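Enquirer: Got a structure for you, written out below as structure tokens; questions coming shortly.
The values are calculated or read from the model by the stated rules, or taken from the named source; none is laboratory data. This one's a predicted model, so the numbers in the text were calculated from it and none came from an experiment. Don't worry about glycine lacking a Cβ; one is built from the backbone with ideal geometry, like all the others, and counts go over all protein chains shown. Accessible surface is based on the protein model in full, side chains and every heavy atom, while ligands, DNA and RNA are left aside. Shrake-Rupley method; radii C 1.70, N 1.55, O 1.52, S 1.80 Å.
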Amino acid sequence: MTNDQVKSKQRIVDHGEVFTSEREVNAMLDLVKQETERIDSRFLEPACGTGNFLIEVLQRKLDVVTRRYARNSIDWERYALVAVANVYGIDLLWDNVDECQKRLYAVFAREYVHMFKGLCDKELERSIRHVLRKNIQCGDALTMTTLDGHPIIFSEWSLMELKVKRRDFTFDELLEANRSGQISIFQAAMAYDQDAQGFIPNPLKEYPLIHYRRVFEYE
């Protein structure tokens, strides 16, 4: 195994931790290439490690954002936020979660610099980091709980013009809805649709609309 696939032999023994190589990641994602290139398709990696899969998914989404919205900075920013907001992950180890969040932000920041030839707007940076903290969580995908035994809660982020709507759901209810044939926020390519609300589990909490650059103001 290459060094980028293993952090330590002890972590393999304790947690079965082996990372997927870049070549394997791309080969697997190419099997669902069309979905990886949809900005609003939602991807959940239940054992995300440091984010090898999610980083490639986000990069593909941001490539589409740049191709479509390079001429309009506001459109680029808000759809880049959508791309980030539709990437979710869970991992047992906090250091992996922390590294995954940082690596995903770095992908976004690199694309932002490429687009605007400067550092990211501070409010937008805070909003992107806030979304990543909510979307990439430390917990056990099998028990669907955090390490302290609480239910894993994920947020749905829906873009409405220049504003974002946030709704929180428990992970177990989302999976149950998916098994029963209802619409889950983790079904690929499910955009926010008023007509679909009746098929989505009742949210734990709904938040008021807020400007996409001020998403960090959500708790």
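Enquirer: Any residue in segment 203-219 that is within 12 Å of M160 (Cβ to Cβ) sitting within a Cβ distance under 7 Å of a residue that is open to solvent by 60 Å² or more (accessible area, probe 1.4 Å)? List the pairs, counting only those 6 or more apart or interchain.
Expert: Going by the 7 Å Cβ cut-off, the qualifying pairs are L209/K163; I210/K163; I210/E217; H211/L162; H211/K163; Y212/L162; Y212/K163.
Enquirer: When segment 111-120 is examined, which residues are found to be open to solvent by less than 40 Å² (accessible area, probe 1.4 Å) and either in contact (Cβ under 8 Å) with a residue 24 or more places away in the chain or of a type in the set (A, V, I, L, M) (or both)?
Expert: Passing the criteria: E111, Y112, M115.
Enquirer: Here's something else I'd like to know. What are the pairs, 6+ residues apart or on separate chains, where a residue within segment 148-161 that is farther than 11 Å from A85 by Cα and free of Cβ contacts under 8 Å to residues at least 40 places away in the same chain has its Cβ under 9 Å from a residue that is in a strand (DSSP E or B) and open to solvent by 20 Å² or more (accessible area, probe 1.4 Å)?
Expert: From segment 148-161, the pairs are P151/T145.
Enquirer: Quick one: would you say M160 is in contact with a Ser or Thr (Cβ under 8 Å, 6 or more places away or on another chain) and either small (G, A, S) or open to solvent by 20 Å² or more (accessible area, probe 1.4 Å) (or both)? Please lay out each step first, then the result.
Expert: Numbers: in contact with a Ser or Thr (Cβ under 8 Å, 6 or more places away or on another chain): no; either small (G, A, S) or open to solvent by 20 Å² or more (accessible area, probe 1.4 Å) (or both): yes.
For M160, the condition - in contact with a Ser or Thr (Cβ under 8 Å, 6 or more places away or on another chain) and either small (G, A, S) or open to solvent by 20 Å² or more (accessible area, probe 1.4 Å) (or both) - is not met.
Enquirer: Hey, can you tell me all the residues within segment 82-97 that are under 17 Å from A109 (Cα atoms) and open to solvent by 10 Å² or more (accessible area, probe 1.4 Å)?
Expert: V82
Enquirer: Would you confirm, using the coordinates I've provided, whether V107 is out of contact with any Lys or Arg (no Cβ under 6 Å at 6 or more places or on another chain) and open to solvent by less than 30 Å² (accessible area, probe 1.4 Å)? Break it down into steps so the answer makes sense when it comes.
Expert: Details: out of contact with any Lys or Arg (no Cβ under 6 Å at 6 or more places or on another chain): yes; open to solvent by less than 30 Å² (accessible area, probe 1.4 Å): yes.
So V107 passes the test.
Enquirer: Sticking with this structure for a sec: Given the conditions (1) modelled with pLDDT under 95; (2) assigned to a strand (DSSP E or B), report the number of the one that N202 does not fulfil.
Expert: (2)
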